[in-house]
1. Dipole of the chain, Cα-centred, from +1 at each Lys and Arg C-beta and -1 at each Asp and Glu C-beta, to the nearest 20 debye?
2. How much of the accessible area of the chain, probe 1.4 Å, is carbon plus sulfur, in whole percent?
3. Count the lysine pairs in region 13-63 whose Cα atoms sit under 23 Å apart, keeping only pairs 8 or more residues apart in sequence or on different chains.
4. Which value in deg cm²/dmol, rounded to the nearest 500, describes the helix-derived mean residue ellipticity at 222 nm for the chain, given -39,500 (n - 2.57) per DSSP H run of n ≥ 4 and division by the residue count?
5. From the residues SER173, ILE203, LEU220, which one has its Cα farthest along the dipole of the chain in the positive direction, the dipole being from +1 and -1 charges on Cβ of Lys/Arg and Asp/Glu about the Cα centre?
6. With everything on Cα atoms, drop me the angle between helix 42-68 and the longest principal axis of the chain, reported from 0 to 90° to the nearest 10.
7. Looking at the square roots a ≥ b ≥ c of the eigenvalues of the Cα gyration tensor of the chain, which shape do they give, rounded for a/c under 1.5, prolate if a/b is larger than b/c, or oblate?
8. Note down the net charge around ILE186, summing +1 for each Lys or Arg and -1 for each Asp or Glu among other residues with Cβ under 14 Å from its Cβ.
Amino acid sequence: MGLFTDKELNDEQSKILNDILPERFRKKIWKESDFKGVDGSIYNRYSDYVLSLGREVIKLNKDLKELEESTSHVIANNVKIFNTELYEAKPLGMVDIGVVEQFSAPTTGDRFSGGAIGYAIEKTIDDAHAKSNSQEGAVNRAKFKLIQKARAIYPNCNMLFKYEVDFRELGSSGNVFIYMRATACIGENDQIEKALKKTDNEIIDLIRKISAMELEAETLTSNKGKIPQSKSQIEKLL
């Protein structure tokens, strides 16, 4: 009958184990069965948690790097752009840029099942949608380059006036030459400062979170050897 008993750890052993474990793993009553099995043992569950914590730290560090490198995009997205004449702003100079972009986009899928007419209608809709998305993406990329150039030439630029854009198709390849121009200006625009402050706060919060998780992972790793891997180690370690 002793083969089927599941002995409980005494109070002192349970306290020692709970002091080692993170709160999420603690139990009031521990049994020998908690140290058995490939997936169910506390040692393996603890080890899996340490590994997941390490993977999360790697992910957060990647997110942090992307956030730290996003400053130029944050600024560009908050530069005010107007296609009007200057208003309550100081002109700094004219900036322009020319880029070649692909406007056409292929469509995929079996549309013949609905008949030739249905296929033609759906393909026309898809082509229009794909072309619209392609054009918008191309214009936004060119606009970002224009703002980058304006900021490089005039670091204090926070507004663009007299913004204009022209398109010229290059043959029948779908390539289009985009020419943008505007007057770089400085004026009242607190959007950039607010956006940068928000990004800085996000970076600070993320750094704190990463530091806390790294410290937790380090502590858990150092305590890993104190957890019994099997029933036979209970008396030895606890």
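The values are calculated or read from the model by the stated rules, or taken from the named source; none is laboratory data. As the structure is a computational prediction, the values presented were derived from the model and not from experiment. We place every Cβ from the backbone using ideal geometry, glycine too, and count neighbours over all the protein chains shown. Just the protein is used for accessible areas: all its heavy atoms, side chains included, with ligands, DNA and RNA removed. Shrake-Rupley method; radii C 1.70, N 1.55, O 1.52, S 1.80 Å.
1. Charge dipole of the chain: 320 debye, to the nearest 20.
2. Of the solvent-accessible surface of the chain, carbon and sulfur hold 53 percent.
3. Here the count comes out as 6.
4. Values: 6 runs with 119 residues, N = 238.
The per-residue figure over the chain is -17000 deg cm²/dmol.
5. The one lying farthest along the dipole's positive direction is LEU220.
6. Computed tilt is about 20 degrees.
7. On the way: a/c = 4.99, a/b = 2.02, b/c = 2.47.
Oblate shape, in that a/c is at least 1.5 and b/c is the bigger or equal ratio.
8. My count for the surroundings of ILE186 gives -1.
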